[in-house]
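Asks: Just dropping this structure here.
The values are calculated or read from the model by the stated rules, or taken from the named source; none is laboratory data. Computed from a predicted structure; not experimentally measured. Backbone-built Cβ (ideal geometry, glycine too); neighbour counts: all protein chains shown. Each accessible area value is taken on the protein alone, full model and side chains, heavy atoms only, with ligands, DNA and RNA left out. Shrake-Rupley method; radii C 1.70, N 1.55, O 1.52, S 1.80 Å.
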Amino acid sequence: MTFIILATFFACSEAQFSDRNVEKNAIAISQKLDSNSIKTFKEWAYGRRGDFDIWTKIKNNSSEYSFFYQQLKDTTFLTIFRALNFQNDFRSTFSFDTSIYWRFTFAELNKKIFRITSVDNQGQDKIIDTTILTTQIFPNQNPFLILSSLTKQKDNLKIVGSAYRPDVGNFIEFWLSPNHKLVYLPDNLKINDKNTSFWEEDLKKGKPLNKNWVLIHYENLKEDG
């Protein structure tokens with residue numbers, strides 16, 4: 001996830017990532033998210049690679065499955081990785097043959113799926129052209145609607161990445177720039193990682209915005225982060 005987050009940082013403008021603008025955004029985030037609304041980012045981690053938003057489902061202290069999500073004008077593309085785990089949350093009438101294929105892309109236009117592409121381990125595509133309502137393929141939960149909602153939320157918060165690692169601790173990290181990390185610290189903060197001192201020192205570098213939020217500015221990310 002760290003690689004995905006860092007891959008997109010340097011495409012953004014320096015003005016957007018000035019200390020002043022980043023701190024202003026950090027304060028706004030701390031006011032928008034509370035202990036209830038922040039739960040979204042305990043369930044979903046966000047990153048970006050090229051033109052794709054990447055959302056990873058966090059469940060049972062691990063990454064369960066991931067989506068590549070892209071909107072191009074009126075068309076939306078949704079790529080699913082680890083489809084077996086995905087099907088535990090999203091019942092589908094489509095048959096995911098994971099014995100052959102490891103990646104599945106659904107292309108949607110006007111709430112209809114018009115193409116399904118499956119990719120095998122040799123990189124060969126199987127393409128199915130169709131016209132079927134998205135809700136017919138996903139009658140229980142519609143992943144397109146969920147990903148659209150998540151994307152609007154991260155755009156509203158102006159974050160470029162987020163991470164939650166229950167195995168490390170119950171804090172949440174939000175990347176706001178190449179060198180700025182905003183950390184949410186719950187009242188019952190716990191650090192589970194055996195390298196506790198690393199995280200304690202990392203948090204000490206930051207500027208407290210209030211009792212639950214710390215903004216960390218790294219002068220040199222390669223050395224500090």
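Asks: Could you work out the helix-only [θ] at 222 nm for the chain, with each DSSP H run of four or more residues adding -39,500 (n - 2.57) and the total divided by the number of residues, to the nearest 500 deg cm²/dmol?
Replies: Taking each H run of at least 4 residues, the total per residue is -8000 deg cm²/dmol.
Asks: Could you tell me the center-to-center distance, by alpha carbons, between segment 149-199 and segment 43-57 in angstrom?
Replies: For segment 149-199 versus segment 43-57, the Cα centre distance is 14 Å.
Asks: Computed from the coordinates I sent, mean projected area of the Cα convex hull in nm² equals one of (1) 13.7; (2) 16.5; (3) 21.0. Tell me the label.
Replies: (1)
Asks: Next question. With every protein chain present, what is the per residue accessible area of the chain (1.4 Å probe, Å²)?
Replies: Ligands and nucleic acids excluded, the result is 56 Å² per residue.
Asks: Which entries of Lys57/Lys154; Lys32/Lys181; Lys57/Lys126 show an alpha-carbon separation above 22 angstrom in the structure shown? Mind showing how you got there, number by number?
Replies: Values: Lys57/Lys154 15 Å; Lys32/Lys181 17 Å; Lys57/Lys126 26 Å.
Result: Lys57/Lys126 exceed 22 Å.
Asks: Hey, can you rank 147-160, 91-104 by average C-beta count inside 10 Å, highest first?
Replies: 147-160, 91-104
Asks: Compute a Gaussian network model of the chain, connecting alpha carbons closer than 10 Å, and tell me which residue from Asp125, Asp167, Asp74 fluctuates the most.
Replies: Asp74
Asks: Can you give the relative contact order of segment 106-200 as a percent, counting alpha carbon pairs under 8 Å and 6+ residues apart?
Replies: It comes to 14 percent, rounded to a whole number.
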